[in-house]
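Down below is the structure, laid out as structure tokens.
The values are calculated or read from the model by the stated rules, or taken from the named source; none is laboratory data. Since the structure is predicted, the reported quantities are computational estimates derived from the model, not experimental observations. Every residue, glycine as well, gets a Cβ built from its backbone with ideal geometry; the counts of neighbours run over all protein chains shown.
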Amino acid sequence: MLSPKKTFLCMDELEAMKVSSSVKVQSFNFDLIPLEQDILSMELERPFHEHFVRSNQSLVHLVTESVLRLQNALGTFEHHFAKGNSSVVSISVNAANT
């Protein structure tokens, strides 16, 4: 069973139901959701507010991880395009990791 985040509460509930020995739970990041064959949506809660109002840079890290995960699955992307400072940072990190 895949879950966005493996929690002790979930594991305790599975043990209470006496199914924990027959179920393997693993964390899996569900950040990219396919909408069409060639369109992926990154579902983030309040990204504008988090990034620009609260100056939360973790969103850049999440985007970078997602792109790296796609490249691991599909191969290195030949072309990278960025618009804005944060996108340039994300592409720079991706380029350094490939």
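Computed values, structure above
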| quantity | calculated |
| --- | --- |
| Pick from region 47-69, criterion surrounded by fewer than 14 Cβ atoms within 10 Å (Cβ to Cβ) and out of contact with any helix residue (DSSP H, G or I) (no Cβ under 9 Å at 6 or more places or on another chain), ranking: nearest to Pro34 (Cα to Cα) | Arg69 |
| Flag for Leu62 being modelled with pLDDT of 85 or more and either outside the structural domain of Leu40 (by TED's automatic domain parsing) or among the hydrophobic types (A, V, I, L, M, F, W, C) (or both) | no |
| Residues being in contact with a Ser or Thr (Cβ under 9 Å, 6 or more places away or on another chain) and either outside any loop (DSSP other than H, G, I, E, B) or at positive phi (or both) - total across region 21-75 | 18 |
| Among (1) surrounded by fewer than 11 Cβ atoms within 10 Å (Cβ to Cβ); (2) more than 19 Å from the chain's Cα centre (by Cα), the one test that Ser20 misses | (1) |
| Val25 surrounded by 10 or more Cβ atoms within 10 Å (Cβ to Cβ) and within 26 Å of Gln71 (Cα to Cα) | yes |
| Hits in region 76-86 - residues which are assigned to a helix (DSSP H, G or I) and either within 10 Å of the chain's Cα centre (by Cα) or without any contact (Cβ under 8 Å) to a residue 12 or more places away in the chain (or both) | Asn85 |
| Matching option when the condition is aromatic (Phe, Trp, Tyr) and touching a Pro at 6+ places or on another chain (Cβ under 9 Å), among Phe52, Phe30 | Phe30 |
